[in-house]
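Structure first, commentary second.
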Amino acid sequence: MSLRKKMLVSLFAALLCISSYIIIPIGPVPITLQVLFILLAGSVLGAEMGALSVVIWILLGSFGLPVFAGGKAGPMVLLGPTGGYLLGFVICAWVVGFITHHDSYSRVRTGIAMLIGLAIAYAVGVAGFMASFAFFLQKPMTLQQALSIAVFPFVPFDLVKVGIGAWLAPVLQAALNRAGFAEGRHENA
């Protein structure tokens, strides 16, 4: 991996750290800007580098740096209610990057890729949410209960993030292309 690619992966990992502090607490899973930067990491960096930036962010938090939502840290966060979302975010970034890795996708196609990635993050996240409540808190819940707590409140906010991300990804990619930091993706921004 070139130094430029390492810099971009590190930049997105840092943006994820910062975005974790911008929260709206609404329950065990707060609203943050993390989703926006995860979607952008995948669409701007591609599958491997986008997922790698998310993995680095998760490792930083697992090793004790307060980079998860609300300044949380430590390996126990991975086992808590939001642990499934962390794994889902890695998969989301990879999927978005995989779908958008071809040249010059439109904003609509980028948005569709982001919606697919987000749906996967929701699925993995809600599974982890339910498992955390069932096994660690001894409070099993139905899928409907889990969706009403850990998915439905976030959908409107995350759809806005998808819209922003789909508009912003081609702009960022074009700027990185002009600066010599990335290969020629999203050049028709």
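The set of residues in the stretch 3-16 that are touching a Phe, Trp or Tyr at 6+ places or on another chain (Cβ under 9 Å) and at pLDDT below 95 comprises ARG4, LYS5, MET7, LEU8. Of all residue pairs spaced 6 or more apart or on separate chains, those with beta-carbon atoms under 8 Å, a first member in the stretch 32-52 that is closer than 25 Å to GLY71 by Cβ and free of Cβ contacts under 8 Å to residues at least 40 places away in the same chain and a second member that is outside any loop (DSSP other than H, G, I, E, B) and among the small types (Gly, Ala, Ser) are THR32/SER19; THR32/ALA69; PHE37/SER19.
For the stretch 16-30, the condition holds for no residue, the condition being that it is part of a helix (DSSP H, G or I) and closer than 14 Å to GLY97 by Cα.
Does ALA123 fit the bill of being under 16 Å from CYS92 (Cβ atoms), touching a residue at least 24 places away in the same chain (Cβ under 8 Å), open to solvent by 40 Å² or more (accessible area, probe 1.4 Å) and not polar (S, T, N, Q)? First the steps, then the outcome.
Working: under 16 Å from CYS92 (Cβ atoms): yes; touching a residue at least 24 places away in the same chain (Cβ under 8 Å): yes; open to solvent by 40 Å² or more (accessible area, probe 1.4 Å): yes; not polar (S, T, N, Q): yes.
Against the criterion (under 16 Å from CYS92 (Cβ atoms), touching a residue at least 24 places away in the same chain (Cβ under 8 Å), open to solvent by 40 Å² or more (accessible area, probe 1.4 Å) and not polar (S, T, N, Q)), ALA123 qualifies.
Run ARG109 past the list (1) within 28 Å of LEU168 (Cα to Cα); (2) open to solvent by less than 30 Å² (accessible area, probe 1.4 Å); (3) touching a Ser or Thr at 6+ places or on another chain (Cβ under 8 Å) and report the number of the one that doesn't hold. Unmet condition: (2).
Within the stretch 77-93, the residues that satisfy the criterion of being within 20 Å of ALA146 (Cα to Cα) and open to solvent by 40 Å² or more (accessible area, probe 1.4 Å) are LEU78, LEU79, LEU87.
Are any residues in the stretch 20-52 of a type in the set (S, T, N, Q) and within 17 Å of GLY83 (Cα to Cα), and if so, which ones?
Of the stretch 20-52, the ones of a type in the set (S, T, N, Q) are 20, 32, 34, 43.
Hits for the stretch 20-52 are SER20, THR32, GLN34.
Regarding the stretch 38-57, can at least one residue be identified that is among the small types (Gly, Ala, Ser), over 24 Å from ASN177 (Cα atoms) and not in a helix (DSSP H, G or I)? Please lay out each step first, then the result.
As a first pass, look at the stretch 38-57 and keep what is among the small types (Gly, Ala, Ser): 41-43, 46-47, 50-51, 53.
Within this subset, residues satisfying the condition of being over 24 Å from ASN177 (Cα atoms) are none.
No: the stretch 38-57 contains no residue that is among the small types (Gly, Ala, Ser), over 24 Å from ASN177 (Cα atoms) and not in a helix (DSSP H, G or I).
Return the residues of the stretch 148-172 that are open to solvent by 40 Å² or more (accessible area, probe 1.4 Å) and closer than 21 Å to LEU79 by Cβ; say none if nothing qualifies. Correct list: ILE149 only.
Within the stretch 53-71, the residues that satisfy the criterion of being open to solvent by less than 30 Å² (accessible area, probe 1.4 Å) and either among the aliphatic types (A, V, I, L, M) or touching a residue at least 60 places away in the same chain (Cβ under 8 Å) (or both) are VAL54, ILE58, VAL67, ALA69. Only one entry in ILE99, ILE116 is surrounded by fewer than 17 Cβ atoms within 10 Å (Cβ to Cβ), in contact (Cβ under 8 Å) with a residue 12 or more places away in the chain and among the β-branched types (Val, Ile, Thr), namely ILE116.
The values are calculated or read from the model by the stated rules, or taken from the named source; none is laboratory data. Please read all numbers here as calculations on a predicted model, not as lab measurements. Cβ sites come from the backbone with ideal geometry, for glycine too, and all protein chains shown count toward neighbours. What goes into the accessible areas is simple: the full protein's heavy atoms, side chains included, and nothing from ligands, DNA or RNA. Shrake-Rupley method; radii C 1.70, N 1.55, O 1.52, S 1.80 Å.
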